[in-house]
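Notes follow the structure.
The values are calculated or read from the model by the stated rules, or taken from the named source; none is laboratory data. All values reported here derive from a predicted model rather than from experimental measurement. Please note: Cβ atoms are built from the backbone with ideal geometry, for glycine as well, and neighbour counts cover all protein chains shown.
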Amino acid sequence: MSESRRIARITFDERTGLRRSPEVEQERKVAIFDLLEGNSFALVNGDPGPYELRLGIRENRLVMEVRDEAGRALRTIVLALGSFRRLIKDYFTVCDSYYQAIKTAPPSRIETIDMGRRGLHDQGSTLLIERLAGKVELDFDTARRLFTLICVLHIRG
C-alpha cells in the first residue's frame, strides 16, 4: 500500500451523543481497525496523502472532510444520502435479523441471512465507489469499510 494513497486517521463529526447497540458499536470498531490497517484512498486532484478523514452527516448529506497529516484541509466532499437511504435501511433490517438469528437459529438460516447482509453491503460499496468517481479513487475493500461507517453515522439514536 502506497503511503500517499491511504487514510491514516479517521474521526467522526457527531453533533449529538448517540447510543448504539453493542453490535453496531462492534461493527464500527472493526470497520475502523480494518480500514486503518489496509486501505486504498486517493484524491483525484492529486493532493497526496496520507490523509485524515472526518465523516459526518449534515442536513441529510454525507460530509467527508479530507485533510493532510498536518491537519490542513484538502477537500470537502458532500454526497446526498437519498440514493443510500433505502439501502442503509434494508442493511440494518437484515443486520437486526442476523443478530437475532445467531442466538437461536440453525446454521443454514444464519448463513442465508448473512449472504443477504453481504449482498446489501456489496451494493452499498459499489454505490459509494460510483458516487465518489471523479473525486476519490478507492478500492472495493475500502469502500466496504467506509459504507459500514456511513451506516453507523446514519443511525439517529
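Below is a table of values for the structure above.
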quantity: Within the stretch 58-104, tally of residues that are surrounded by fewer than 15 Cβ atoms within 10 Å (Cβ to Cβ) and not in a helix (DSSP H, G or I); calculated: 12
quantity: Test for Leu149: is it modelled with pLDDT under 90, part of a helix (DSSP H, G or I) and closer than 24 Å to Glu59 by Cβ; calculated: yes
quantity: Tabulated pairs, the stretch 113-142, first buried (at least 18 other Cβ atoms within 10 Å of the Cβ), second acidic (Asp, Glu), C-beta under 7 angstrom, 6+ apart or interchain; calculated: Leu120/Asp90
quantity: Selected residue (criterion: nearest to Leu62 (Cα to Cα)) from residues of the stretch 88-124 that are among the small types (Gly, Ala, Ser) and out of contact with any Leu (no Cβ under 9 Å at 6 or more places or on another chain); calculated: Gly119
quantity: Residue check for Arg54: in a strand (DSSP E or B), without any contact (Cβ under 8 Å) to a residue 60 or more places away in the chain and over 17 Å from the mean Cα position of the chain (by Cα); calculated: no
quantity: Residue satisfying condition, being charged (D, E, K, R) and in contact (Cβ under 8 Å) with a residue 40 or more places away in the chain, within set Arg61, Arg67, Arg109, Arg75; calculated: Arg75
quantity: Filter pass, Ser40 being of a type in the set (S, T, N, Q), closer than 17 Å to Ala143 by Cβ and out of contact with any helix residue (DSSP H, G or I) (no Cβ under 6 Å at 6 or more places or on another chain); calculated: no
quantity: Residue within the stretch 20-42 that is in a strand (DSSP E or B), under 19 Å from Ile150 (Cα atoms) and either modelled with pLDDT under 90 or among the hydrophobic types (A, V, I, L, M, F, W, C) (or both) present; calculated: yes
quantity: Some residue of the stretch 26-47 being surrounded by fewer than 16 Cβ atoms within 10 Å (Cβ to Cβ), among the hydrophobic types (A, V, I, L, M, F, W, C) and touching a Lys or Arg at 6+ places or on another chain (Cβ under 7 Å); calculated: yes
